[in-house]
Amino acid sequence: YFHGRQLDSVMNYPIRNGIIDFVTYGSAEILYNVLVELYASYPRCVCDSLMNILGTHDTERILTVLGDNYRPDAPNDHLAVMRMTAQERDKAISRLKMASILQYTVYGIPSVFYGDEAGLEGYHDPFCRKPYPWGRENAELLEHYRKLGELRTIEKAFDRGSFRVLEHGAETIAFERCKDDSCVVVLANGGENNYRARLEGKWIDMLSYESFENVISVKPHTARIMKKI
């Protein structure tokens, strides 16, 4: 159905599931397998236009999914009022930052369900369809998404650039996006220990603006978007 007669793209649930497994459990092997299988199986033009989702009107809110108290099988009257504690919410936001970095930097186009960038919680329909929280957005998360959007705009590598996995371990993955003279490397660490990636030369983290030379340190449960300088 991707050969010009039926569909131009699809909602990218396989990569969504791979990202969730990775940021929640550190399962880099699952994410790696999904990324390379789809990229090898789909026509290149389809890979470039896949709808990279984390949440939709058909799923629970991604922030709720990434929380440690995720209980989708509870009765609806409980789900209607269930909220994360402040500590659970902070952990879920940290996971969402990492997940969104992957959503925005792998091949395809990030598709954000309104309110996910603002920190909305909610279980399955109808609880995932609350109105946008005007004036009550999570400012830290919103700024994070704005930065990701800016990077997507200014870096040619994200506009149909090539995709290549550089390395992966049990809990870490590194991949490269390149187009013409624009080349970006993404390093993600889903484990409990620091990840030290060896990249020759001088590099800058495009989100934190930290600079590194030859060896780049990635803290547990974080990701970096690196550009050579």
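All but one of (1) under 30 Å from Glu155 (Cα atoms); (2) more than 18 Å from the chain's Cα centre (by Cα); (3) touching a residue at least 40 places away in the same chain (Cβ under 8 Å) hold for Gly119; which doesn't?
(2)
Given the condition in contact with a strand residue (DSSP E or B) (Cβ under 6 Å, 6 or more places away or on another chain), under 27 Å from Asn189 (Cα atoms) and polar (S, T, N, Q), answer yes or no: does some residue in the stretch 32-47 qualify?
No: zero hits.
Within the stretch 129-171, restricting attention to residues that are in a strand (DSSP E or B) and open to solvent by 40 Å² or more (accessible area, probe 1.4 Å), which residue is farthest from Ala188 (Cα to Cα)?
My answer is Ser162.
Picking from Ser27, Ser49, which residue would you name as being within 17 Å of the chain's Cα centre (by Cα) and under 20 Å from Ala157 (Cβ atoms)?
Of Ser27, Ser49, the one residue that is within 17 Å of the chain's Cα centre (by Cα) and under 20 Å from Ala157 (Cβ atoms) is Ser49.
Scan Tyr104, Tyr114, Tyr70 and give me the residue that is at pLDDT 95 or above, part of a loop (DSSP other than H, G, I, E, B) and either of a type in the set (Phe, Trp, Tyr) or at negative phi (or both).
Among Tyr104, Tyr114, Tyr70, only Tyr114 is at pLDDT 95 or above, part of a loop (DSSP other than H, G, I, E, B) and either of a type in the set (Phe, Trp, Tyr) or at negative phi (or both).
Would you say Gly108 is within 13 Å of the chain's Cα centre (by Cα) and surrounded by fewer than 17 Cβ atoms within 10 Å (Cβ to Cβ)?
no
Please enumerate the residues belonging to the stretch 34-67 that are in contact with a helix residue (DSSP H, G or I) (Cβ under 6 Å, 6 or more places away or on another chain), part of a loop (DSSP other than H, G, I, E, B) and of a type in the set (A, V, I, L, M, F, W, C).
Ile53, Leu54, Leu66
Results for (1) under 28 Å from Arg129 (Cα atoms); (2) charged (D, E, K, R); (3) open to solvent by less than 70 Å² (accessible area, probe 1.4 Å), shown as yes or no for each residue.
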residue	(1), (2), (3)
Leu35	no, no, yes
Cys47	no, no, yes
Leu50	yes, no, yes
His57	yes, no, no
Arg61	yes, yes, yes
Val65	yes, no, yes
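Within the stretch 205-229, track down each residue that is assigned to a strand (DSSP E or B) and surrounded by fewer than 17 Cβ atoms within 10 Å (Cβ to Cβ).
Hits for the stretch 205-229 are Ser211, Glu213, Asn214, Val215, Ser217, Lys227, Lys228.
Report yes if Gly169 is within 14 Å of the chain's Cα centre (by Cα) and within 19 Å of Met98 (Cβ to Cβ), otherwise no.
In short, no.
Would you be able to tell me the number of residues in the stretch 1-33 that are open to solvent by less than 30 Å² (accessible area, probe 1.4 Å) and either out of contact with any helix residue (DSSP H, G or I) (no Cβ under 9 Å at 6 or more places or on another chain) or free of Cβ contacts under 8 Å to residues at least 24 places away in the same chain (or both)?
Counting residues in the stretch 1-33 that are open to solvent by less than 30 Å² (accessible area, probe 1.4 Å) and either out of contact with any helix residue (DSSP H, G or I) (no Cβ under 9 Å at 6 or more places or on another chain) or free of Cβ contacts under 8 Å to residues at least 24 places away in the same chain (or both) gives 2.
Out of everything in the stretch 172-204 that is open to solvent by 10 Å² or more (accessible area, probe 1.4 Å) and among the basic types (Lys, Arg), what residue ends up being nearest to Ile20 (Cα to Cα)?
Across the stretch 172-204, the extreme among qualifying residues is Arg196.
The values are calculated or read from the model by the stated rules, or taken from the named source; none is laboratory data. Since this is a predicted model, take the numbers as computed values, not measurements. Using ideal geometry, Cβ is built from the backbone for each residue, glycine included, and neighbour counts are taken over all protein chains shown. Surface areas here come from the heavy atoms of the whole protein model, side chains and all, with no ligands, DNA or RNA. Shrake-Rupley method; radii C 1.70, N 1.55, O 1.52, S 1.80 Å.
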